[in-house]
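The values are calculated or read from the model by the stated rules, or taken from the named source; none is laboratory data. Treat the numbers as computed from the prediction; the structure is a model and nothing was measured. Cβ coordinates were reconstructed from backbone atoms using ideal geometry, including for glycine residues, and neighbour counts include every protein chain displayed. Just so you know, the surface numbers come from the protein's heavy atoms only, side chains and all, with ligands and any DNA or RNA stripped out. Shrake-Rupley method; radii C 1.70, N 1.55, O 1.52, S 1.80 Å.
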Amino acid sequence: MFALPLTARAELRPLEPWLAEEFLTHLDRAREHISPWVSPTFVAADLSGARALLRRYADKRAQDAGGIWGIWLEGTLVGGVLFVSFDAALGVCEAGCWLEPGAQGHGLITRAAERIVDWAVGERGIQRVEWRTDADNVRSINVAKRLGMTRDGTLRQSYPIDGRRIDIEVWSVLADEWRARGARGAADKAEIDELTAAFFRLFTNAGGARPDVGAIHRLFVPDGIIVKGGPQQEVYDLDSFVEPRQKLLTSGELTEFAEEETWERTEIFGDVAQRLGGYRKRGVHAGTPFTGTGTKSIHFLRTPEGWRMTALSWDDDR
């Protein structure tokens with residue numbers, strides 16, 4: 001079955017009419033949260049209404065005029081993205097989203113929206129992707145910003161809801177802007193990759209290499225912190241982290257030490273980024289060879305001097 005991974009625990013799939021019962025169960029959890037921000041017809045009250053809505057979007061998809069995709073987090077439908085309208089001949093479409101509150105904070109909507117915008121621009125030749133939202137919907141507006149969209153303006157009192165008329169903000173991104181965003185993202189990713197690799201190199205003394213652990217200050221912002229996870233948790237500033245490790249790596253107590261990243265997932269949002277990755281290490285401690293694996297989480301900030309680390313935490317596998 002078609003699915004696109006969004007994170008290690010979440011994926012994007014077509015939300016088809018045969019999933020109406022699961023969709024209704026999800027809407028029951030999300031109803032109170034999303035009702036102020038979506039069309040009343042979207043928040044189906046019963047199974048027939050849920051099925052009718054999904055059929056409507058299936059018909060749009062068949063007519064190349066829209067579509068709807070669900071987000072599953074650990075096997076549970078928690079939200080989704082959609083093309084409210086899609087006109088390939090005109091080169092314009094409108095994207096939208098919804099999400100139940102329990103799934104917030106994982107960046108799922110931004111990742112899902114990126115997938116469908118990539119497809120619209122890259123494969124279908126769409127020249128303008130619109131994002132229309134209630135002017136009071138701060139979360140939706142923030143998604144538009146994270147997608148690199150520009151605020152085109154406000155349609156004042158353009159939509160009736162709950163006996164009142166709301167303002168609709170119109171945001172958009174053009175195809176050239178989206179492609180440029182992708183190029184910037186690739187350059188940012190390359191810089192973050194090298195910054196991460198430089199961090200790992202700091203601690204290598206394998207093959208006679210002499211580590212320069214003090215160079216960590218060039219990789220971090222001045223007040224960066226490093227945190228050790230596990231049963232005996234510790235929090236370090238840069239100096240308290242460096243001093244014992246410099247001694248350990250240069251005294252002969254720890255030799256042939258090297259550490260490398262084995263996998264990573266990096267997410268960049270404007271001037272901040274986060275990276276989750278695995279590592280493996282090997283060395284000889286007090287004459288005894290050892291190996292190990294674990295996970296590192298790193299946060300980054302774009303500064304005037306380039307990307308820098310702000311915080312790093314790690315946890316060895318046990």
Practice task
Kindly indicate whether T133 is in a strand (DSSP E or B), open to solvent by less than 30 Å² (accessible area, probe 1.4 Å) and either among the hydroxyl-bearing types (S, T, Y) or touching a Phe, Trp or Tyr at 6+ places or on another chain (Cβ under 7 Å) (or both).
Solution key: yes
Handout entry: Count of residues meeting criterion [free of Cβ contacts under 8 Å to residues at least 12 places away in the same chain and closer than 17 Å to F42 by Cβ] in the range 80-120
Key = 0
Practice task
State which residue is farthest from V221 (Cα to Cα) when the search covers only the range 295-306 and only residues that are at pLDDT 95 or above and open to solvent by less than 30 Å² (accessible area, probe 1.4 Å).
Solution key: K296
Exercise for the section: Go through V121, V92 for me and flag whichever is open to solvent by 20 Å² or more (accessible area, probe 1.4 Å), closer than 17 Å to M149 by Cα and of a type in the set (A, V, I, L, M). Expected result: V92
Exercise for the section: For residues that are in contact with a strand residue (DSSP E or B) (Cβ under 6 Å, 6 or more places away or on another chain) and assigned to a helix (DSSP H, G or I), scanning just the range 202-224, find the one that is surrounded by the fewest Cβ atoms within 10 Å (Cβ to Cβ). Expected result: A206
Handout entry: Subset tally (residues that are open to solvent by 70 Å² or more (accessible area, probe 1.4 Å) and either at positive phi or among the hydroxyl-bearing types (S, T, Y) (or both)) for the range 282-294
Key = 3
Completion exercise
Contact list, first residue from the range 290-301 and under 24 Å from E253 (Cα atoms) and free of Cβ contacts under 8 Å to residues at least 60 places away in the same chain, second anywhere and of a type in the set (D, E, K, R) and surrounded by 13 or more Cβ atoms within 10 Å (Cβ to Cβ), beta-carbon distance below 6 Å, six or more apart or interchain, is T291/R282; G292/K281; G292/D316; T293/R280; G294/D315; G294/D316
Practice task
Return a yes/no flag: does the range 251-267 have any residue that is of a type in the set (S, T, Y) and at pLDDT 95 or above.
Solution key: no
Fill in the blank from the handout: Matching residues in the range 258-271 (under 15 Å from L147 (Cβ atoms) and of a type in the set (A, V, I, L, M)) number 1
Problem - Among the residues listed as G148, G102, the single one being modelled with pLDDT under 95 and on the phi > 0 side of the Ramachandran plot - result: G148
Practice task
Considering each of R318, R245, R282 in turn, give the residue that is over 17 Å from G185 (Cα atoms) and modelled with pLDDT under 90.
Solution key: R318
Exercise for the section: Please specify each residue of the range 45-89 satisfying the condition of being open to solvent by 60 Å² or more (accessible area, probe 1.4 Å) and within 16 Å of W119 (Cα to Cα). Expected result: R61, D87, A89
Practice task
Kindly provide the set of residues from the range 136-170 that are basic (K, R), more than 16 Å from P36 (Cβ to Cβ) and in a helix (DSSP H, G or I), ordered by number.
Solution key: K145, R146
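Using the structure shown, decide if F199 is within 13 Å of L312 (Cβ to Cβ) and surrounded by 16 or more Cβ atoms within 10 Å (Cβ to Cβ).
yes
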Handout entry: Complete set of residues in the range 249-276 that are open to solvent by less than 20 Å² (accessible area, probe 1.4 Å) and in contact with a Ser or Thr (Cβ under 7 Å, 6 or more places away or on another chain)
Key = A258, A273, R275
Problem - Tally, over the range 59-76, of residues that are within 18 Å of E21 (Cα to Cα) and free of Cβ contacts under 8 Å to residues at least 60 places away in the same chain - result: 5
Handout entry: Tabulated pairs, the range 41-58, first over 22 Å from P160 (Cα atoms), second of a type outside the set (S, T, Y) and open to solvent by 80 Å² or more (accessible area, probe 1.4 Å), C-beta under 7 angstrom, 6+ apart or interchain
Key = L47/E21
Handout entry: Residue count, the range 106-118 (criterion: within 18 Å of L174 (Cβ to Cβ) and buried (at least 19 other Cβ atoms within 10 Å of the Cβ))
Key = 4
Handout entry: the range 18-40 - residue that is free of Cβ contacts under 8 Å to residues at least 12 places away in the same chain and open to solvent by 60 Å² or more (accessible area, probe 1.4 Å) and, of those, farthest from the chain's Cα centre (by Cα)
Key = W18
